[in-house]
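First the structure, in the form of structure tokens, and then the observations on it.
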Amino acid sequence: MDISQSLNKKIIDIVGKDFVFADKQDMVVYESDGTHDKGMPDFVVLPRTTEEVAKLVLLANEFELPIIARGSGTGLSGGAVPVHGGLVISLNRMNTIIDIDVDSSTATVEAGVINLEISNKASEYGLFYAPDPSSQHACTIGGNIAENSGGPHCLAYGVTTNHVLAIEVVLPDGEITWFGDFNKEVPGVDFRGLFIGSEGTFGICTKVVVKLLQKPQDVKTMLIAFSSIQDAANATTAIIGAGIIPAAIEMMDKTASDAAEEATNAGIPKNSGAVLLIEIEGFESDINDQGKLISDVIYEFNPVDIKIAKNDQERDLFWKARKGVLGALGRIAPNYFLVDGTVPRTKLSAVLSEVSTLAKKYNLIVANVLHAGDGNLHPCILFDQQTPGDTDKALKLGGDILKVCVENGGVLSGEHGIGYEKRDYMPLLFSEIDLNNMKILKNIFDPDGLFNPGKIFPVE
Amino acid sequence: MIIKEHIERVKDEVYKCVHCGFCLTACPTYLVSGLETESPRGRISLMKATIEDQIVPDQNTFLHWDRCIQCRACEPACPSGVNYGLLIESTKEGINVVRSKSKLYKFIFKIILKLAISNRFINFNSYIFRIYKKFNLSNIFNKLKISRFLPNSIKILESMIPNVYGKPLKYGSYLTSNSLKKEKLGFFRGCIMPGIHGDNMRASVNLLNLLGYDVTIPESQVCCGSLNSHNGDMATTIELAKSNIDLFLKDDYKYLIISAAGCGTRIKEYSQLFEKGSEYWDKSIQLKNKTYDIHEFLFENIKTPPRGVINKNVGYQPACHLLNTQKIDEPPIELIKMVPGINFIPIPSSNICCGAGGAYSVTQPKWSKMVLNKKINEIKDSHLDIITVSNPGCFIQLQGGAEMLKLKTEVMYVTDLLYNSYIKGED
Ligand SMILES: Cc1cc2nc3c(=O)[nH]c(=O)nc-3n(C[C@H](O)[C@H](O)[C@H](O)COP(=O)(O)OP(=O)(O)OC[C@H]3O[C@@H](n4cnc5c(N)ncnc54)[C@H](O)[C@@H]3O)c2cc1C
Ligand code: SF4
Ligand code: SF4
């Protein structure tokens, strides 16, 4: 029996034969995530319990096999792509909501639970889980932890780390432990905080305790069209400058909003230079006041159309258009390379102009989707992998856009992580000393470097 | 490479998929397994890998495609607008060509599909089912411990033998006695329903009569072809389509009404079978424009709601082929709510398939059962008196599930509920 056969047998002993793939013919479906990056796993395995995960980790250690945790594979930085092969541990069968504790407003869930499922379940008690990545009906809470994901409403509520109280993790040596505490701040080093955002390089998260919030009394959702993207960007800056923090301010440029409209018929005015989707929450009287203030502010930026969602259905439809826009770009080109750079809000307008100049220079279409309130840009570079040279061109343009972000005081990633795609841009932002410190930390958790190799750190 | 050729025909559609994963949680087979090989994105990845020569699909790859229920819930979930139905049909057609190289398979497949579209066979079957249920043969088999020797898949199939309601529905004309006589309708009979759900179909026809329509069920209609196209037999599908198009385009029928969602989808999508602009493409569009699912037709035409009070907690499980392909979501629910006394309770994941899927419950009994289990447990937790359905496949599947769990919830057609209320209201 060769090594891979004996390993295969050992894996089957842990999880049963229905939950292991070792044939390339099957594993092609686990080669990539939401990006166009690819890597063939040696094995894909779907454990059911934390104990099974721990056993698999020990086994991988024994055979010196890389370990790549995988949620729903919606990641946008190539994080779950096994670029050096190895054992892909898919958490999708660990998808039980263990408990909703109404008194303490918390939920305890397994790592493979879908983000939106938590809110669906909690809504029976008038509660919800705040971080709402646009992919929330597909991505797992484990993936959210690994990427410290954000979402449109994180403008007001904060990102994943602000809503996670405790996590159960399997460390690279196979130990099962908890970081954080159920209902209070823990003194000492915040390992919970360290782990969140570590992109699967510090261990595997298996259970999560999240905070739940009371659903807002009332919501108002506005869709505002502008004749240029600059106007929309400046309006965003002005709203927040006026001291108003809406629950969300999202932006789509013409290319993006037209595609979203085509996908959903949500009623977004076609051919607008850009649209803003603004949501405010609270008590009815506050909302009315805020709504009026916002209307006053944006008035100076020549809005061409203002729509207010008439009911929940229309509100859902506006959000469906916004949240599905990346997929909707598939109507224009088969591939996109999404740049996740984040800049200070005041620089939005200037950076967007530079992006458009760069796009012209490379002769590629760029669709801009933004968590505008956070200054988080998502320029999507559209291309066709089938056209020779296109992929390289797109990646180059992406690099140039990231440079522009950093030059304007921004960062490489707002929420999707560095992963595989952006690792080589890290030196743009971090000095050698910074990077070395990160490596030291990584070594403490994972001295053998088996957890998600090839990610975050630039190749020397 | 036959499969590759077939997938290449729909290459553009394959490349529309940006693998965002938004379709995963819409897919019943993914939800019960957690396996991406059994998800829409996975199935498309396998197609992509095939045309890029990364894999050469084998029997095992076929399985992943075969396990697709073709419920098409992945289509509305997909922001990229991937027409998944087209992809899977073309792929399955390729598989069918490969498989039919095996003489035995070809033989069996031919017989099954021939039988499936033969009215006589279906009537015969319904008598067998009737006898089986009437004399409670299932119990006798169990007592004799015969079932012990049967393979698992046969046992599952045995447990799915449907109940039979009334005599088969006859061809012919059903005239309205309503004085406000309106146009004449053609009624599509479907395959399994008229044999075993005769009473229920008569209720549908009666409803149309009540509204003032004369209903004709012409004997020369043929099967819609969906069983054939789901299993990749496109040649027969086209033959059947042409025959139905020619029949129902006649002026004798102002509208064509269909009470089985799968047939409705197939007929409304006949144009996909023909080259754009060709004679039959034109004709299929004309037919589509006058074809209505019974629920949408009733919803648009009922002016006087029923009056009979039915004090029950009622849920609704939509047929995938109404919801995902014909986009008929609200009309059945509105019909239910028309009935006085009803307390409508939505069930949690009503947009997910029950696992019936045409012949799926027969071709993939294990997976069909897995999907059904999840569904029926949700129904159980909803504490309903009645779960309504809008399609015969769902009816049979859910009833099998309800019997399995010994639920008190009754499975009922939306049309039956409505008709019962009309009858009650007349007293
Ligand atoms: C259309 C679209 C829209 C998106 N919108 C947003 C958005 O608004 N905001 C946002 O932040 N992101 C967004 N994303 C990105 C993505 O959905 C998130 O990064 C999400 O958190 C990934 O979750 P996943 O379950 O798919 O993880 P995967 O893609 O499977 O994995 C992502 C990373 O997490 C690691 N990982 C997964 N599970 C675990 C675990 N249990 N323990 C340790 N590591 C693990 C993987 O190794 C990998 O490095 C979007 C993606 C798409 C396709
Ligand atoms: S939702 Fe559409 S684009 Fe996204 S993975 Fe599924 S089929 Fe592909
Ligand atoms: S048609 Fe239904 S079963 Fe098939 S891939 Fe789509 S959602 Fe899944």
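Solvent-accessible area per residue in segment A:97-214 equals 36 Å², computed with a 1.4 angstrom probe and all protein chains kept.
Over the residues of chain A, the helix contribution to mean residue ellipticity at 222 nm works out to -10500 deg cm²/dmol, using -39500 (n - 2.57) for each DSSP H run of at least 4.
Report, in listed order, any pair from A:K24/A:K422; A:K38/B:K369; A:K17/B:K374; A:K320/A:K422 with a Cα-Cα distance greater than 30 Å. A:K38/B:K369, as the Cα separations exceed 30 Å there.
Entry comment: accessible area of segment B:367-414 is 37 Å² per residue, from protein heavy atoms only and a probe of 1.4 Å.
Remark: segment B:172-299 carries 37 Å² of accessible area per residue (probe radius 1.4 Å; ligands, DNA and RNA excluded). A:W178 contributes an accessible area of around 100 Å² to the protein surface, as traced by a 1.4 Å probe with all chains present. Please give the Cα centre distance for segment A:367-402 versus segment A:38-92, rounded to the nearest Å. Value for the Cα centre distance between the two parts: 28 Å. Among A:Y125, B:Y253, the order of accessible area from largest down is A:Y125, B:Y253, computed with a 1.4 Å probe on protein heavy atoms.
Take B:I423: with every protein chain present and a 1.4 Å probe, its accessible area is about 70 Å².
Send over the per residue convex hull volume for the protein assembly as shown, Cα only, as a whole number of Å³. If you can, show how the numbers build up before the last one.
Numbers: hull volume 170.1 nm³, N = 887.
Hull volume over Cα atoms, normalised by residue count, gives 192 Å³.
Once you reduce segment B:64-108 and segment B:374-395 to the center of their Cα atoms, the two points are 27 Å from each other. For the pair segment B:262-319 / segment A:313-354, the C-alpha centres are spaced 37 Å from each other.
Based on Cα contacts under 8 Å between residues 6+ apart, segment A:97-214 shows a relative contact order of 32 percent. Taking Cα centre as origin and charging only the Cβ of basic (Lys, Arg, +1) and acidic (Asp, Glu, -1) residues, the dipole magnitude of segment A:358-460 rounds to 220 debye. Checking the Cα-Cα distances for B:K375/B:K408; B:K16/B:K110; B:K290/B:K337; A:K215/B:K375; A:K254/A:K361; B:K327/B:K408 against a 23 Å cut-off, the pairs over it are B:K16/B:K110; B:K290/B:K337; A:K215/B:K375; B:K327/B:K408.
Just flag the chymotrypsin sites (Phe, Trp or Tyr not before Pro) in segment A:281-383 sitting in loop per DSSP whose Cβ has no more than 15 other Cβ atoms within 10 Å.
Working: sites: A:F283, A:Y299, A:F301, A:F318, A:W319, A:Y336, A:F337, A:Y362, A:F383; in loops: A:F283, A:F301.
Within segment A:281-383, the qualifying chymotrypsin sites (Phe, Trp or Tyr not before Pro) (loop, at most 15 other Cβ atoms within 10 Å) are A:F283.
Chains B and A: buried accessible surface, both sides, probe 1.4 Å, rounded to 100 Å²? Write down the numbers at each step before the final one.
Values: alone 19580 and 19390 Å², together 36200 Å².
Protein heavy atoms only, the B-A interface buries about 2800 Å².
Taking the chain by itself as reference, segment B:1-40 contains these residues with an accessible-area loss of 50 Å² or more in the full protein complex (1.4 Å probe, heavy atoms): B:Y15, B:V18, B:H19, B:F22, B:T25, B:L35, B:E36, B:T37. All Cα-Cα separations within segment B:280-377 were binned at 5 Å from zero, giving a P(r) of 2, 11, 16, 17, 17, 15, 11, 7, 3, 0, each value a whole percent of the pairs.
Here segment A:254-397 is assigned +1 on the Cβ of each Lys and Arg and -1 on the Cβ of each Asp and Glu. Its dipole about the Cα centre then comes out at about 580 debye.
Across segment A:156-301, the volume of the C-alpha convex hull divided among the residues equals 172 Å³ per residue. For the set B:H64, A:H137, solvent exposure ranked by accessible area (probe 1.4 Å, protein chains only) runs largest to smallest as A:H137, B:H64. I need the Debye-formula profile for segment B:305-426: one equal scatterer per C-alpha, no solvent, reported as log10 I(q)/I(0) at q = 0.10 1/Å, two decimals. Each listed q maps to, in turn, -0.29.
Which GluC sites (Glu not before Pro) from segment B:1-70 combine a DSSP loop assignment with at most 14 other Cβ atoms within 10 Å? If you can, show how the numbers build up before the last one.
Values: sites: B:E5, B:E8, B:E13, B:E36, B:E38, B:E52; in loops: B:E52.
Sites meeting the loop and neighbour criteria: B:E52.
Using C-alpha pairs under 8 Å with a sequence gap of at least 6, the mean separation divided by the residue count of chain A gives a relative contact order of 15 percent.
Over segment A:57-125, what percent of the accessible surface lies on carbon and sulfur atoms, probe 1.4 Å? Let's see the in-between values first.
Details: 1020 of 2320 Å².
With neighbouring chains kept in place, the figure for segment A:57-125 is 44 percent.
Against the main long axis of the alpha-carbon atoms of chain B, helix B:103-116 sits at an angle near 20°. Note on segment A:366-460: the C-alpha convex hull projects to 7.6 nm² when averaged across all orientations.
Tally the DSSP beta bridges in chain B and give the antiparallel ones as a percent, rounded to 5. Provide the component values of the computation, followed by the final result.
Details: 3 of 23 bridges.
Taking every DSSP beta bridge with both residues in chain B, the antiparallel ones total about 15 percent.
By the compact-protein rule of thumb, 2.2 N^0.38 Å, the alpha-carbon radius of gyration of segment A:1-117 corresponds to a ratio of 1.14.
As a check on your grasp of the helix formula, calculate [θ] at 222 nm for chain B: sum -39500 (n - 2.57) over DSSP H runs of n ≥ 4, divide by the residue count, round to the nearest 500.
Result for chain B: -15500 deg cm²/dmol, rounded to the nearest 500.
Computing Rg and the Kirkwood Rh from the Cα coordinates of chain A gives a ratio, Rg/Rh, of 0.97. Beta bridges from DSSP with both residues in the protein assembly as shown: antiparallel share about 70 percent, rounded to the nearest 5.
What is the percent of Cα-Cα separations in chain B that go past 43 Å?
On the way: 9303 of 90951 pairs.
Summing the P(r) of chain B above 43 Å gives 10 percent of all pairs.
Put A:L58, B:L175, A:L317 in order of accessible area, highest first, and with a 1.4 Å probe you get B:L175, A:L58, A:L317. Measuring with a 1.4 angstrom probe and ignoring ligands and nucleic acids, A:F182 comes out at about 90 Å² accessible.
If R0 is 25 Å, what FRET efficiency do you get for B:N343 and B:I423 from their C-beta distance, rounded to 0.05?
The value I calculate is 0.75.
For segment B:2-99, the Cα-based Rg and Dmax, in that order, read 12.1, 34 Å. In chain B, the longest principal axis of the Cα atoms and the axis of helix B:279-289 are about 40 degrees apart.
Heavy-atom surface analysis with a 1.4 Å probe gives segment A:257-355 a carbon and sulfur content of 48 percent of its accessible area.
Ratio of Rg to Rh for segment B:172-299: 0.97 [Cα atoms; Kirkwood radius as inverse mean 1/r over pairs]. For the protein assembly as shown, a crude dipole built from +1 on the beta carbon of Lys and Arg and -1 on the beta carbon of Asp and Glu, taken about the Cα centre, is about 4200 debye to the nearest 20.
The values are calculated or read from the model by the stated rules, or taken from the named source; none is laboratory data. The structure presented is a predicted model; accordingly, all values stated were derived computationally and were not measured. Note that each Cβ is placed from the backbone with ideal geometry, even for glycine, and that neighbours are counted across all protein chains shown. For the accessible areas, the whole protein counts, side chains as well, though only heavy atoms, and no ligand, DNA or RNA atoms are used. Shrake-Rupley method; radii C 1.70, N 1.55, O 1.52, S 1.80 Å.
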